[in-house]
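Below: one structure, written as structure tokens.
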Amino acid sequence: MSERLTAYGMRKNVRGKKTSGSTASRAVYPYLYLLPALGFMIFATFIPVVYTLYISLTNYSLYHFQHFDLIGLQNYATIFAGLDLPTFGMVLQWTVLFALFSTGLSFAAGLFLALLLNNQNLPERNLYRTLLIVPWALPGTIMLLAWSGILNPDFGYLNLLLQDLGLSAIPWLNDPLWAKIAVVLVNLWATFPFMMTACLGALQSIPQDLIDAALIDGAGMVARFRNVTLPILLAVILPLLINNFAFQFNNFNVIYLLTTGGPPTSVSSMAGATDILASYTYSLTLTYQRYGLAAAYAVIVFLIIGIVSVTQMKLSHAFEETL
């Protein structure tokens, strides 16, 4: 009898060890699956970030191409307190305004169109939905190059149309103010379909019972939108707005392909009136070969976007899990 109990205990211990071993193996499996993605992120993201930070601490430029030295925070001092301070202030101000206008206007236009398309009684709303999504379906590069031709001050189609109507031509890409307006409007034309689609999906997820309850309580159209639709909509759309702001902050394509950062301005000889931080960093790198200073700008952009995104996510609780 004692021999049987001893054998049973040994089998139980062996089985327990196998179970604990299999449990440990299962706990390791997720990390093994994530390992290729983590390795790719290290080589594609983390190493370039560290290398950019290193270059920002050097005098790497056209005149110090093969042999460059560590100069510490001198590039950052040039940006924040040196000769490049006026340019940095001008470019940063326009970058923030461009991101705010692009995000706010695209959201407002997308929400307005989504509210119209969400009306069940609207005839041919599927046709309108298809037509309004066309700007999103077009290749961005081709679309922006087409707009640069349409807005050309001398032979652009838009100015020719204005002259045929007896109006004076507008210096869309030659005047600093009009160039900024043109950039924002073209970017609005390119980005509102995404916001419209997102808002339309969010509106269709709102329970009809809430709308019916508001109608029974006597709430009007504005009251229903302010107290029922908008709070639920923002809870869904706010993370997209945060991501869209970060994207617009670095929207290099629309600036470079439409205006190449121009027109020139009296504040700086290296930055144009419509240059944002991303396009100005590009010019410093490929046009002026000031690689160390451009790397410092890249680090600053990274920090600004990171701080703004984290702050907005904390204040809005957009990415917190709800039980």
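The values are calculated or read from the model by the stated rules, or taken from the named source; none is laboratory data. Owing to the predicted nature of the structure, the values given are computational and were not obtained by experimental measurement. For neighbour counting, all protein chains shown are included, and Cβ atoms are generated from backbone atoms with ideal geometry for every residue, glycine included. Surface areas here come from the heavy atoms of the whole protein model, side chains and all, with no ligands, DNA or RNA. Shrake-Rupley method; radii C 1.70, N 1.55, O 1.52, S 1.80 Å.
Things to note:
- Ellipticity estimate at 222 nm from DSSP helix runs (n ≥ 4, -39,500 (n - 2.57)) divided over the chain, nearest 500: -23000 deg cm²/dmol
- Positive minus negative residues near M270 (Lys, Arg vs Asp, Glu; Cβ under 11 Å): -1
- Centroid-to-centroid separation of region 66-105 and region 282-315 [C-alpha atoms, Å]: 8 Å
- Each peptide in 293-306, 30-43, 206-219, 74-87 receives the mean, over its residues, of other Cβ atoms within 10 Å, and ordering these scores from highest gives 293-306, 74-87, 206-219, 30-43.
- Student exercise, the chain dipole from Lys, Arg, Asp, Glu Cβ charges, in Debye to nearest 20: 1660 debye
- Angle in degrees between helix 291-316 and the longest Cα principal axis of the chain, rounded to the nearest 10: 60 degrees
- Accessible area of V183 in the full protein assembly, 1.4 Å probe (Å², nearest 10): 0 Å²
- Applying 1/(1 + (r/R0)^6) with r as the Cβ-Cβ distance of Q120 and A169 and R0 = 30 angstrom yields a FRET efficiency of 0.10.
- For region 14-124, relative contact order (Cα pairs under 8 Å, six or more residues apart, normalised by length) works out to 10 percent.
- For the chain, the relative contact order is 25 percent, taking Cα pairs closer than 8 Å that sit 6 or more residues apart in sequence and dividing their mean separation by the residue count.
- For the chain, the share of accessible area belonging to carbon and sulfur comes to 68 percent (1.4 Å probe, ligands and nucleic acids excluded).
- Other residues whose C-beta falls under 15 angstrom from the C-beta of S283 contribute a net charge of -1, scoring Lys and Arg +1 and Asp and Glu -1.
- Selection from M221, M41, T260 lying farthest towards where the dipole of the chain points positive, charges on Cβ: M41
- Residues in region 211-248 reached by a label modelled at T311 [backbone nitrogen below 14 Å; 7 Å Cα→Cβ]: 246
- Descending principal axes extents, region 45-188, alpha-carbon based, whole Å: 67, 41, 27
- Along each principal axis, taking the top coordinate minus the bottom one, the Cα set of region 139-265 gives 59, 36, 27 Å in descending order.
- Placing +1 on the Cβ of every Lys and Arg and -1 on the Cβ of every Asp and Glu, with no other charges, gives region 128-224 a dipole of roughly 140 debye about its Cα centre.
- Taking every Cα-Cα distance in the chain and sorting them into 10 Å bins starting at zero, the pair-distance distribution P(r) comes out as 5, 17, 22, 21, 15, 9, 5, 3, 2, 1, 0, 0 percent.
- With protein chains left intact and a 1.4 Å probe, residues in region 140-208 average 51 Å² of accessible area per residue.
- Estimated D of region 109-202 in µm² per second, where Rh is the Kirkwood radius over Cα pairs and Stokes-Einstein applies at 10 °C, 1.306 mPa s: 106 µm²/s
- Peptides 149-156, 169-176, 184-191, 136-143 ranked from most to least packed, by the mean per-residue count of other Cβ atoms within 10 Å: 184-191, 169-176, 149-156, 136-143.
- If R0 is 45 Å, the Cβ-Cβ spacing of L230 and S25 corresponds to a FRET efficiency of close to 0.35.
- All other residues whose Cβ lies under 12 angstrom from that of A114 are scored, Lys and Arg at +1 and Asp and Glu at -1, for a net of +2.
- Cα centroid separation, region 117-188 to region 250-271: 19 Å.
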